[in-house]
1. Considering F128, F171, which residue is outside the structural domain of I49 (by TED's automatic domain parsing), modelled with pLDDT under 95 and closer than 27 Å to Y28 by Cβ?
2. Which residue is farthest from V55 (Cα to Cα), if the candidates are limited to the range 171-190 and must be surrounded by fewer than 15 Cβ atoms within 10 Å (Cβ to Cβ) and under 16 Å from the mean Cα position of the chain (by Cα)?
3. Given the options T22, T5, name the one that is at pLDDT below 55, more than 18 Å from I176 (Cβ to Cβ) and not aliphatic (A, V, I, L, M).
4. Criterion first (over 28 Å from R35 (Cα atoms), of a type outside the set (A, V, I, L, M) and crowded, with 20+ Cβ neighbours inside 10 Å) does Y129 satisfy it?
Amino acid sequence: MKILTSLIVCFASVAFADDFKTIKGKEYKDVTVSRVEPDGIVLKGKSGISKVYFVELPKDVQERFHYNAANAAAYSAQQAASQVAPVAARGQLAPTAGRGQPSEVVSRGEQVDINQCLALGNVTVVEFYADWCGPCRRLSPSLEQMAHTDPQVALRKIDIVRPGTPVTQQFNIRSIPQVNVYNRTGHLVGTVVGANFEQVKAYVARAKTGG
């Protein structure tokens, strides 16, 4: 009976593991589909979580997941609007005494001159994220709250959009969320990969004292 149970578990694992290859030849091996969205699929593997857009995948994969171009376009537009609106609203708020600077999205997939984004004189926390990343959604509120309540901390957000965009290549981003913490003079103090807010706070504390 134990052998039969083990075989069932083994077969179930194999059944849910899959390989995908984009039309440009990039391969995702031994991954599971953790979520299907109108414009793409979110894959989970040993190297982390990635979203692959249907336009990057062969037609047979598009059909398998019932891809509809019109629905995908509407969904993408809705996601973009949901990100832009809060940022715009925060940007309209006047600075409050004793409060940190409003967070700011400084890139959406494109390369960025990080030196132009650092809040010199304060600690700068740079968050690499994506809308489709579950761990990012868990970490972001804590980072936002820290930046909002601590006048010595500025938060800069970089939306990688998808794996392989210019900004991911620029900073060699292999997994998200990733958080880089810079001290008051703009030197990198530490990098945190994953939703580890306690480690981020530790690097922030170190950055405040000079790193």
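The values are calculated or read from the model by the stated rules, or taken from the named source; none is laboratory data. Just so you know, these numbers come straight off a predicted model, no measurement behind them. Note: ideal-geometry Cβ built from the backbone for every residue, glycine included; neighbour counts use all protein chains shown.
1. Answer to the check: F171.
2. N172
3. Exactly one of T22, T5 is at pLDDT below 55, more than 18 Å from I176 (Cβ to Cβ) and not aliphatic (A, V, I, L, M), namely T5.
4. No.
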